[in-house]
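The values are calculated or read from the model by the stated rules, or taken from the named source; none is laboratory data. Quick caveat, the model's predicted, so the values are computed rather than measured. As a convention, Cβ positions derive from the backbone with ideal geometry for all residues, glycine included, and neighbour counts pool all protein chains shown. Just the protein is used for accessible areas: all its heavy atoms, side chains included, with ligands, DNA and RNA removed. Shrake-Rupley method; radii C 1.70, N 1.55, O 1.52, S 1.80 Å.
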Amino acid sequence: MVKPEIVSAKDWQRARDDLLTTEKEVTQALDALAARRRRLPMVKFGTYQFDTPMGPKTLAEMFDGRKQLAVYQFMDLGPDQFCPGCTKFTNNVADLEGLAESGVTWITVSDMPLVQIEAYKVRMGWSVPFVSSHGSSFSDDCGAGHGFILSIFLRDGDDVYRTYSTTNRGVDRLVFRHNILDLCPYGRQEDWEDSPPGWPQHPTYG
């Protein structure tokens, strides 16, 4: 089995301390990015209506009385087709009560018809709030198109503003599983990673 080099405890601590210096630099850089993110301007967003298990709701109603809203746009691949990446991400969504206590409501949205969403929720055992934007321009207006995106909104009365959005690796970094695997010696074992020769690797969706 290919594995990391075996060294003395002293040499391991020296290597670990060297990496820790870089990790702290990255943490400080992420803190600085978060500070910039909090200072981003915002843009007023339109009025949309979503199909929900409780009937039609507007974007403002999606906040559930809170001031902030996080929305994940789940890809629509057509009837009975479901994005493996969006599925993995949704499996990862947790502690929505804690998020709500901090004043943020979470909602997952898709252009899939509500009946398709509800069937998939049952199949996956999800309790995450999941509504349909089918027939609206919400996905396109968020910049997701036929893809996926995470958007953050702020509500002031009945007015809704978009404050932030991210996709691709910006969403990837929020996945608990990926963060833990990135700490492990073999990483995610995906073929795009920069790993030592001989490390186990496979295609991302293989």
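Restricting segment 158-185 to residues that are among the aliphatic types (A, V, I, L, M) and in a helix (DSSP H, G or I), which is nearest to Lys67 (Cα to Cα)? Here the answer is Val171. Close contacts from segment 152-173, counting a first residue that is over 14 Å from Thr47 (Cβ atoms) and a second that is small (Gly, Ala, Ser) and part of a strand (DSSP E or B), with Cβ to Cβ under 8 Å and a gap of 6+ residues or different chains, come to Ile152/Ala70; Ile152/Ser165; Tyr164/Ser151; Ser165/Ser151.
Taken as a whole, the condition of being of a type in the set (A, V, I, L, M) and within 26 Å of Asp141 (Cβ to Cβ) applies to Leu40. Scanning segment 26-66 for residues that are closer than 17 Å to Val109 by Cβ and in a loop (DSSP other than H, G, I, E, B) turns up Phe45, Gly46, Thr47, Tyr48, Thr52, Pro53, Met54, Gly55, Pro56, Leu59, Asp64, Arg66. Checking Gly135, Gly125 one by one, the residue that is over 15 Å from the mean Cα position of the chain (by Cα) and closer than 18 Å to Thr47 by Cβ is Gly135 and no other.
Restricting the first member to segment 121-134 and to residues that are without any contact (Cβ under 8 Å) to a residue 24 or more places away in the chain and over 18 Å from Leu150 (Cβ atoms), and the second to residues that are open to solvent by 60 Å² or more (accessible area, probe 1.4 Å) and part of a loop (DSSP other than H, G, I, E, B), the beta-carbon pairs closer than 9 Å and six or more apart or on different chains are Lys121/Ser127.
Among the residues of segment 176-189, none qualifies, meaning not one is open to solvent by less than 50 Å² (accessible area, probe 1.4 Å) and of a type in the set (Asp, Glu). Could you tell me whether Gly125 is surrounded by fewer than 17 Cβ atoms within 10 Å (Cβ to Cβ) and at pLDDT below 95? Criteria not met by Gly125.
Looking at Leu96, Leu69, just one residue is over 23 Å from Tyr205 (Cα atoms), without any contact (Cβ under 8 Å) to a residue 40 or more places away in the chain, touching a Phe, Trp or Tyr at 6+ places or on another chain (Cβ under 9 Å) and of a type in the set (A, V, I, L, M, F, W, C), and that residue is Leu96. Report yes if some residue within segment 27-47 is touching a helix residue (DSSP H, G or I) at 6+ places or on another chain (Cβ under 6 Å), surrounded by 10 or more Cβ atoms within 10 Å (Cβ to Cβ), within 22 Å of Thr166 (Cβ to Cβ) and modelled with pLDDT of 95 or more; otherwise report no. No: segment 27-47 contains no residue that is touching a helix residue (DSSP H, G or I) at 6+ places or on another chain (Cβ under 6 Å), surrounded by 10 or more Cβ atoms within 10 Å (Cβ to Cβ), within 22 Å of Thr166 (Cβ to Cβ) and modelled with pLDDT of 95 or more.
The set of residues from segment 100-125 being under 15 Å from Met62 (Cβ atoms) and out of contact with any strand residue (DSSP E or B) (no Cβ under 6 Å at 6 or more places or on another chain) comprises just one member, Ala100. Candidates in segment 67-104 are the residues that are of a type in the set (S, T, N, Q) and in a strand (DSSP E or B); of these, the one that is surrounded by the most Cβ atoms within 10 Å (Cβ to Cβ) is Gln73.
Would you mind finding the one in Arg188, Arg123, Arg155 that is of a type in the set (D, E, K, R), touching a Leu at 6+ places or on another chain (Cβ under 8 Å) and either assigned to a strand (DSSP E or B) or over 30 Å from Val2 (Cβ atoms) (or both)? The conditions single out Arg155.
Of all residues in segment 193-206, those being in a loop (DSSP other than H, G, I, E, B), open to solvent by 70 Å² or more (accessible area, probe 1.4 Å) and farther than 18 Å from Cys83 by Cβ number 3. Pairing each residue of segment 1-29 that is farther than 19 Å from Asp182 by Cα with any residue that is outside any loop (DSSP other than H, G, I, E, B), provided the two are 6+ apart or on different chains, yields C-beta distances under 8 Å for Val7/Ala15.
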